[in-house]
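I have placed the structure first, in the form of structure tokens, so that the comments after it can refer back to it.
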């Protein structure tokens, strides 16, 4: 009976050590991305974090609402190497590219006002690699639904780390009469 308890205890310890060494990016955007709360920005629950390999792209579909100002901030761990994250936003219905930070000096922070309510697809690409790895985010942080997913173990053996997309909003100021 004591041998069984010892085996169970040893197994539990091994599993917890393995879990502690695996990288979790849950909530990374809340901790690492600069918030504009002091300027009246309010956290948007569509914000996400995820584990990325170098060169990996990930898409997330979000809804932006009319008469709101939005701020999007990208942040990443230094483990992803040199270079800035790429960000593009396109209309989910038409595929029209609304914004691409490649034409904006790779800006890691943007602010904009939404004239109409619409669904958009936000694509974030980590620096490095060949850019062919992809993932589509849905639901909770780190949850991926694509043919290629990144496990915490594989990210530790290649260049990888956490990436955060912080989305904030506030009501637009009324202008004019």
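Would the stretch 74-83 turn up any residue that is surrounded by 13 or more Cβ atoms within 10 Å (Cβ to Cβ), in a helix (DSSP H, G or I) and out of contact with any helix residue (DSSP H, G or I) (no Cβ under 6 Å at 6 or more places or on another chain)?
yes
Contact list please: Cβ distance under 9 Å, first residue in the stretch 64-83 and at positive phi and touching a residue at least 60 places away in the same chain (Cβ under 8 Å), second residue in a strand (DSSP E or B) and buried (at least 19 other Cβ atoms within 10 Å of the Cβ), pairs at least six apart or on different chains.
81/161
So which of 148, 153 ends up being at pLDDT below 95 and assigned to a helix (DSSP H, G or I)?
153
Out of the residues in the stretch 34-55 that are modelled with pLDDT of 95 or more and assigned to a loop (DSSP other than H, G, I, E, B), which is surrounded by the fewest Cβ atoms within 10 Å (Cβ to Cβ)?
Looking at residues that are modelled with pLDDT of 95 or more and assigned to a loop (DSSP other than H, G, I, E, B), I get 45.
The values are calculated or read from the model by the stated rules, or taken from the named source; none is laboratory data. Since the structure is predicted, the reported quantities are computational estimates derived from the model, not experimental observations. Cβ sites come from the backbone with ideal geometry, for glycine too, and all protein chains shown count toward neighbours.
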